[in-house]
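The structure under discussion appears below in the form of structure tokens.
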Amino acid sequence: MKKKPSAKTEAIAGKSADQISQQLCHRVKELRAAKGWSLEALSTACGVSRSMLSQVERNETNPTLAVAVRIAQAFGMSLGELIESPENTPSIHVIRADDRQYHYRSDETCRLRTLSPLHLEKDVEFYELELKPGGVLRSSAHFEGTREFVTVQQGKLRITSGDDVVEVSKGDSASFRADVAHCLENAGRADAIAFLVVIYQ
């Protein structure tokens, strides 16, 4: 049996090329403003020239498929999500456990998985952190005013924020400055699992 197109697909298919182009230029401008990005910042994030992005936002050019996909990826979206009208965007965003796009870091001693939509990056970020014995997650200073919140689900963690150091165990929560060099270390002999929220000002 032939699968019926989704309402989203039908909504996009029902638009003319000019309407889609107009929608794309508004969406790119909207999303960039929401992130507080300059054209230069978006250019760096997606690998598309500043002049091309400016033309796209002014609806002076129709970007190639490759360019549109790069722009969408910079905002943590699919191409379909980028060109949809906001009212057609699902109200529930699901991140599947096996979606490798959200595995921010994965090696022998540290696994960091993003639990928040990628387009919220640099606003609020939610992670699941798993550290093997001896595992360390080191971070340089984030933007001024940034704070991190950690809740330990399993094991023990040693948190260092600037010159301050504290140990936390299962069930403990801690918040600390993240606008200075900081790190999370497994302070026990078993695996440590924690949930980490980063809030930018």
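Bear in mind that the values in this text are calculations on the coordinates, not laboratory data. The structure displayed is predicted, hence computed values, not measured ones. So basically every Cβ, Gly included, is an ideal-geometry build from the backbone, and we count neighbours across all protein chains shown.
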| field | Calculated [θ] (222 nm, deg cm²/dmol) that DSSP helices of n ≥ 4 give over the chain, each run adding -39,500 (n - 2.57) | value | -8000 deg cm²/dmol
| query | By per-residue mean of other Cβ atoms within 10 Å, what is the highest-first order of 179-188, 140-149, 162-171? | reply | 179-188, 140-149, 162-171
| message | I'd like the projected area of the range 100-199, averaged over all directions, using the convex hull of its alpha carbons. Report it in nm² with one decimal. | response | 5.8 nm²
| query | What is the total of Lys pairs in the chain with C-alpha atoms under 22 Å apart, excluding same-chain pairs fewer than 8 positions apart? | reply | 9
| remark: The extension gain from E30 to R105, computed as 0.36 nm times the residue separation minus the Cα-Cα distance, is 24.1 nm
| message | With a cut-off of 8 Å between alpha carbons and a minimum separation of six or more residues, what is the relative contact order of the chain in percent? | response | 17 percent
| task | Kindly identify the range 23-73 as rounded, prolate or oblate by the Cα gyration tensor criterion: order the square roots of the eigenvalues as a ≥ b ≥ c, call it rounded if a/c is under 1.5, otherwise compare a/b with b/c, prolate if a/b is larger, else oblate. | result | rounded
| field | Size of electric dipole in the chain: Cβ of Lys, Arg +1 and of Asp, Glu -1, about Cα centre, debye, nearest 20 | value | 600 debye
| said: To make sure I understand, if each residue's beta carbon is the centre and we count other beta carbons within 10 Å, what order do S161, S38 fall in, fewest to most? | reply: S38, S161
| request: Along Cα→Cβ, 7 Å out, is where each label goes; now give me the distance between the ones at D164 and T61 in nm to one decimal. | output: 4.9 nm
